[in-house]
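Novice: Starting off with a structure, shown below.
The values are calculated or read from the model by the stated rules, or taken from the named source; none is laboratory data. This one's a predicted model, so the numbers in the text were calculated from it and none came from an experiment. Here the Cβ is made from the backbone with ideal geometry for all residues, glycine too, and neighbour counts use every protein chain on show.
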Amino acid sequence: MTGYAIVLASEEFERVQAVSMIASVASMSDTPVEVFVTMNGLNAFEKEAVENMDFEGGRVANAMMEAEDVEVPLFTEQLEQARQIGPLNVYACELAMDLLGTEMDDYVEGVFDDVLGVSGFLNRAKDKQVIFV
Amino acid sequence: MSDTIEADVTVDARGSACPGPLMDLIGKIKSVDEGAVVELLTGDEGSKNDVPEWVEEAGHELLDTVDEGDYYAIYVKKT
């Protein structure tokens, strides 16, 4: 096992945030991580959603948004920070983007390395432990 | 005990929740020279417990964790 390949197929805030935490800490600890954001997972990364903090979520999401005394770094900030330090690549699913009619410009800057298809993801996942979220 | 530890650099992550303090610490550890002592200040209970796990796995040395009342000072030596 030489790292993790994480599929993020959900826009649920808690799942997105958990993926970001695990991917960021692992990669900053020199464990290679590939994150493939697909299906509704992409929605959480749209500029509009991030700017307005408009996410689908439950109790943990609400607690994080309302926390006043502590600042929880948002998943976009975590991934951006981690990508600069460790072996972390984050990809947006090309198929889902085609269906949604979105372009890379629609997503927050500093997070995605590139767009990617299923074969590309499988190639990068070959030697890694796959985590599906 | 804590009085004897001289930190070369301090990371003040008070007010930041998990995994902020850990990520700040990792970033700082990567930038300092071997043998340097990094002091991490955090009020986050989860980080207090999780940081030592990372330090051990990464092969650095946990010198001490000092309870400063409303926050902790965690001393890590880069090896």
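Novice: For residue B:78, which of the numbered conditions (1) under 21 Å from residue A:18 (Cβ atoms); (2) touching an Asp or Glu at 6+ places or on another chain (Cβ under 8 Å); (3) basic (Lys, Arg) fails to hold?
Specialist: Answer for residue B:78: the failing condition is (1).
Novice: Out of all the residues in the stretch A:23-59, which are of a type in the set (A, V, I, L, M, F, W, C) and surrounded by fewer than 17 Cβ atoms within 10 Å (Cβ to Cβ)?
Specialist: Hits for the stretch A:23-59 are A:39, A:53.
Novice: If a residue has to be touching a Pro at 6+ places or on another chain (Cβ under 7 Å) and at pLDDT 95 or above to count, how many in the stretch A:1-20 make the cut?
Specialist: Number of matching residues: 1.
Novice: Can you tell me which of B:46, B:69, B:35 is surrounded by fewer than 18 Cβ atoms within 10 Å (Cβ to Cβ) and within 11 Å of chain A (Cβ to nearest Cβ)?
Specialist: Unique residue meeting the criteria: B:46.
Novice: So, residue B:57, is that one within 18 Å of residue A:72 (Cα to Cα) and charged (D, E, K, R) or not? Break it down into steps so the answer makes sense when it comes.
Specialist: Values: within 18 Å of residue A:72 (Cα to Cα): no; charged (D, E, K, R): yes.
Judged against the criteria, residue B:57 is not a match.
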